[in-house]
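Report on the structure given below.
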Amino acid sequence: MSKWGCYVLKFILAVLLSSSAIAGQGLPQKFSAKTFASKVQIFEDMEKSSPILMHFWAPWCHSCSTVLWDLDPILDQYKSLRFLSINIDKDMEAARKYIQKHKLYSKYEKSFFTSPSENLIKDLAVISIPTILIVDSSRKVVFRTSSHINGETHFNIKKTLETLLRKEST
């Protein structure tokens, strides 16, 4: 298969996997990631009271560089939302330099992680970046996108969160 054929196949696979048909997968009961201070953080039975917004990225991903700016007003609006921003690249030093340059890093420092466990990536089918997921209190993925955030995506994230928070408050 040609180089372009591989790109087309990867693109088609990413589109298929980023569709709402896959938004039903679940967050593993237990997974790990490292803080940027190289401390392993075990996530086990994450709180069931609030949804989780997960952002998967890498320092070499151009589209990833704007996602945090786009998510910032959403994170400001939905204070009860748990936020995890996870670098999937193996070069932790490049990721560290990337986030230290990022002006919003200090605001979300406790939300940045690297070196996620394989079960997290596999169970959530993260095959392209940026990937943004919203996970409900039952650990089910209720929203997924694998692209930069445009106006429509921003609207859909907010609509999903409003519906989810309204449902979970009743």
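Some points to look at:
- Top-ranked residue of the stretch 84-108 - restricted to ones that are of a type in the set (D, E, K, R) and surrounded by 13 or more Cβ atoms within 10 Å (Cβ to Cβ), ranked as farthest from residue 73 (Cα to Cα): 91
- Sole exception among (1) at pLDDT 95 or above; (2) among the aliphatic types (A, V, I, L, M); (3) open to solvent by 20 Å² or more (accessible area, probe 1.4 Å) for residue 127, by number: (1)
- Within the stretch 159-169, one or more residues are among the β-branched types (Val, Ile, Thr), surrounded by fewer than 21 Cβ atoms within 10 Å (Cβ to Cβ) and either out of contact with any helix residue (DSSP H, G or I) (no Cβ under 7 Å at 6 or more places or on another chain) or closer than 19 Å to residue 78 by Cβ (or both).
- Helices (runs of 4 or more DSSP H) wholly inside the stretch 80-170 containing at least 1 residues that are farther than 22 Å from residue 29 by Cβ and in contact with a Phe, Trp or Tyr (Cβ under 8 Å, 6 or more places away or on another chain): 92-101, 151-169
Rundown of residues vs (1) under 17 Å from residue 68 (Cβ atoms); (2) touching a residue at least 40 places away in the same chain (Cβ under 8 Å), yes/no style:
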| residue | (1), (2) |
| --- | --- |
| 82 | yes, no |
| 87 | yes, no |
| 90 | no, no |
| 98 | yes, no |
| 103 | yes, no |
| 115 | no, yes |
| 132 | yes, yes |
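- Selection from the stretch 88-111 of residues that are among the polar types (S, T, N, Q) and under 17 Å from the mean Cα position of the chain (by Cα): 111
- Look at (1) surrounded by fewer than 16 Cβ atoms within 10 Å (Cβ to Cβ); (2) under 16 Å from the mean Cα position of the chain (by Cα); (3) over 25 Å from residue 162 (Cα atoms) and you find that residue 61 fails only one, number (1).
The values are calculated or read from the model by the stated rules, or taken from the named source; none is laboratory data. None of the values given here were measured: they were computed from a predicted structure. Methodologically, a virtual Cβ is constructed for each residue, glycine included, from the backbone with ideal geometry; neighbour enumeration extends over all protein chains shown. We work out accessible area using only protein heavy atoms, side chains counted, and drop any ligands, DNA or RNA first. Shrake-Rupley method; radii C 1.70, N 1.55, O 1.52, S 1.80 Å.
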